[in-house]
Amino acid sequence: MTEETPGFDEKPDVPSGATPDDAEPKAASPSAGEGAAPDGDAAVQIAGLTAQLDQVRTALGERTSDLQRLQAEFQNYRRRVERDRITVKEIAIANLLTELLPVLDDIGRAREHGELVGGFKSVAESLETVAAKMGLQQFGKEGEPFDPTIHEALMHSYAPDVTETTCVAILQPGYRIGERTIRPARVAVAEPQPGAQTVKPESQDSAEAADDKESGGPDEG
């Protein structure tokens, strides 16, 4: 006869009509209030997110302003570089053409004396054409009013047939590039005769004499 030692094989008593699962202890389910965050914590989280969004918007606005400022500075830099490039080009062309002015003067004198013939004429005309394409313009004509900004007076005289200081001879033509004068025209000028009085026409003198005669002459004392 053997004794039965109670061990782990023993099963708990199960009431009649119940399943074995009913005998296992059930974990306590959390209450419904423990899973939901309180309303106060949600408001704090929303306020924090709103503050972060405002900071991001502020930073974005600052970066956008910086980008716009850099773009404007770059555009100004490009315009300044282009303006400087044009200025340097104009100065270089002006310096080159200034060195060619004595040659153009020789060509002009040869043309006046009828010596511009043959191959020399073709070369001279080609040179003048190239200079004109580069913007060189000649100025200075007899009879035009004297302008000290573009004329240089080398000779001076008086003439009764002029009413203002006038260029009566062009000793050396002037040259300009656009609005920039690279050499003034050297001229001889004439001014009105000092103390000259305008002579009345004979017809005007006759008309005045007739008026005096009709009015009975000058009043007698």
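Taking the criterion of being open to solvent by less than 70 Å² (accessible area, probe 1.4 Å), in a helix (DSSP H, G or I), in contact (Cβ under 8 Å) with a residue 40 or more places away in the chain and on the phi < 0 side of the Ramachandran plot, would at least one residue in the range 76-94 satisfy it? The answer is yes; a qualifying residue exists. Among all positions in the range 106-116, there is at least one residue which is more than 16 Å from residue 181 (Cβ to Cβ), at pLDDT below 90, of a type in the set (A, V, I, L, M) and surrounded by 10 or more Cβ atoms within 10 Å (Cβ to Cβ). Just one of (1) open to solvent by 50 Å² or more (accessible area, probe 1.4 Å); (2) at pLDDT 90 or above; (3) among the charged types (D, E, K, R) fails for residue 183. It is (1). In the set 64, 98, only one residue is at pLDDT 90 or above, in contact with a strand residue (DSSP E or B) (Cβ under 8 Å, 6 or more places away or on another chain), surrounded by 10 or more Cβ atoms within 10 Å (Cβ to Cβ) and not in a loop (DSSP other than H, G, I, E, B); that residue is 98.
Could you please let me know if residue 165 is among the hydroxyl-bearing types (Ser, Thr, Tyr), open to solvent by less than 70 Å² (accessible area, probe 1.4 Å) and under 32 Å from the mean Cα position of the chain (by Cα)?
Details: among the hydroxyl-bearing types (Ser, Thr, Tyr): yes; open to solvent by less than 70 Å² (accessible area, probe 1.4 Å): yes; under 32 Å from the mean Cα position of the chain (by Cα): no.
Taking the combined requirement at face value, the residue does not satisfy it.
The values are calculated or read from the model by the stated rules, or taken from the named source; none is laboratory data. Note that the coordinates shown come from a computational prediction; the quantities given were computed from them, not determined experimentally. Cβ sites come from the backbone with ideal geometry, for glycine too, and all protein chains shown count toward neighbours. The protein model used for the area step is the full one, side chains on, heavy atoms only, and it has no ligands, DNA or RNA in it. Shrake-Rupley method; radii C 1.70, N 1.55, O 1.52, S 1.80 Å.
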